[in-house]
Amino acid sequence: MRLILLGPPGAGKGTQAQRLVQKHHIIQLSTGEMLRSAVAAGTPIGLQAKDIMASGALVPDEVVVGIISDRLDQPDMKNGFILDGFPRTVPQAAALDELLKKKHIKLDAVIELRVNESALLNRVENRVAEMRARGEEVRIDDTPEVLSKRLASYRTLTEPLIHYYSERRKLLTVDGMMTIEHVTREISRILAAIGASEPKATAPAKQAKAGARKTAKPTGKMQTKTARKAAKAAAKASKAASKGAKAKKATKKVAKKTAKKSGKKTTKKAVKKVTKKRAKR
Ligand code: AMP
């Protein structure tokens, strides 16, 4: 499974990414985390990013694209990944498209966590309080002043990605104002509806799911209904396929019995004969 999580700071991307990691055994790639590690380690990239990050601005596109490109080449990526905090600009998204194309990697979906901006400051304040209570170091960019700058940069530079991925039929929008549990459940449901979270499927079920992928744009109520319909169609198709397999098995059994009675071997012809007889009935 290969996903992108999109949403402003405080939308809950990190929390949901961790849950997806545990459920699907995929790797979380957070450019923010990678950059913070680089700053802490004092690498050349860290030195370049340190002041930019502290101010709430974005690190240059080529720096983050380079980090992601290197990371995608690592062997632990083969199970899948979830990009958290990347891409953040249209040029980053275009660069990612190129990278994925070159590396023959297919993106399953982009999940947008939609939240009210007014709730974000509260959320970040709570996050800071929780981190302090756990005795963890608080991010220097988690202050009200820097947060408003990060939000402004989200609005102008990152929000256009909603249109970018919606045009490419990759966007799935989830109401990020629900409880953490609800958001997690909703993400699972829409991933199942597009067939991204099940490793195996029978051929007809696969076709039904491909149909679901084309139509499911689970933004809001209407799309939620579409996704539910698609999931139902997939389940029905899979049931029909297993029914078909059962009937075939029974036919073979009858042919075998008939052949045994007449002392002949079960041939394809004998099976065909029984199938014809049954069809007539
Ligand atoms: P985050 O942890 O995702 O909130 O990121 C923290 C900071 O890292 C951001 O405010 C940016 O300065 C920088 N950063 C993280 N990801 C990116 C990105 N994709 N492009 C540019 N800057 C980034």
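Data table
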{"quantity": "Condition broken by Gly80, with the remaining ones in (1) within 14 Å of the ligand (Cβ to nearest atom); (2) touching a strand residue (DSSP E or B) at 6+ places or on another chain (Cβ under 7 Å); (3) on the phi > 0 side of the Ramachandran plot satisfied", "calculated": "(1)"}
{"quantity": "Residues of region 143-152 classified as closer than 26 Å to Leu3 by Cα and surrounded by 17 or more Cβ atoms within 10 Å (Cβ to Cβ), total", "calculated": "3"}
{"quantity": "Any hit, region 138-150, residues being modelled with pLDDT under 95 and among the hydroxyl-bearing types (Ser, Thr, Tyr)", "calculated": "yes"}
{"quantity": "Tally of residues being of a type in the set (Ser, Thr, Tyr) and surrounded by fewer than 17 Cβ atoms within 10 Å (Cβ to Cβ) across region 80-139", "calculated": "1"}
{"quantity": "Region 128-145 residues that are within 14 Å of the ligand (Cβ to nearest atom), paired with ones that are not in a helix (DSSP H, G or I) (beta carbon under 6 Å, 6 or more apart)", "calculated": "Val128/Val138; Val128/Asp142; Met131/Val138; Asp141/Gly56"}
{"quantity": "Residue identified as within 11 Å of the ligand (Cβ to nearest atom) and closer than 21 Å to Ala94 by Cβ among Ser55, Ser30", "calculated": "Ser30"}
{"quantity": "Residues of region 83-100 satisfying the condition of being more than 15 Å from the ligand (Cβ to nearest atom) and either hydrophobic (A, V, I, L, M, F, W, C) or at pLDDT below 95 (or both)", "calculated": "Leu100"}
{"quantity": "Those residues of region 94-131 which are in a strand (DSSP E or B) and more than 26 Å from Ile67 (Cβ to Cβ), in sequence order", "calculated": "Arg114"}
{"quantity": "Failed condition for Ala49, given (1) within 24 Å of the chain's Cα centre (by Cα); (2) over 14 Å from Leu99 (Cβ atoms)", "calculated": "(1)"}
{"quantity": "Set Ala54, Ala49, Ala40: member being crowded, with 20+ Cβ neighbours inside 10 Å and among the small types (Gly, Ala, Ser)", "calculated": "Ala49"}
{"quantity": "Only one of Pro9, Pro75, Pro44, Pro60 that is more than 13 Å from the ligand (Cβ to nearest atom) and in contact with a helix residue (DSSP H, G or I) (Cβ under 9 Å, 6 or more places away or on another chain)", "calculated": "Pro44"}
{"quantity": "Criterion: touching a residue at least 60 places away in the same chain (Cβ under 8 Å) and more than 8 Å from the ligand (Cβ to nearest atom) - qualifying residue of Ile67, Ile4", "calculated": "Ile4"}
{"quantity": "Selected residue [buried (at least 20 other Cβ atoms within 10 Å of the Cβ), aliphatic (A, V, I, L, M), under 17 Å from the mean Cα position of the chain (by Cα) and part of a helix (DSSP H, G or I)] from Leu20, Leu29, Leu3, Leu35", "calculated": "Leu20"}
{"quantity": "Condition met for Leu161 (over 14 Å from Gly10 (Cβ atoms), of a type in the set (A, V, I, L, M, F, W, C), in a helix (DSSP H, G or I) and within 14 Å of the ligand (Cβ to nearest atom))", "calculated": "yes"}
{"quantity": "Near pairs, Cβ below 7 angstrom, 6+ apart or cross-chain, from region 177-195 (under 17 Å from Glu112 (Cβ atoms) and touching a residue at least 40 places away in the same chain (Cβ under 8 Å)) to any residue that is β-branched (Val, Ile, Thr) and assigned to a helix (DSSP H, G or I)", "calculated": "Ile180/Thr15"}
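The values are calculated or read from the model by the stated rules, or taken from the named source; none is laboratory data. Not measured: the values here are computed from a predicted model. Reconstructed Cβ throughout: ideal geometry from the backbone, glycine too, with neighbour counts over all protein chains shown.
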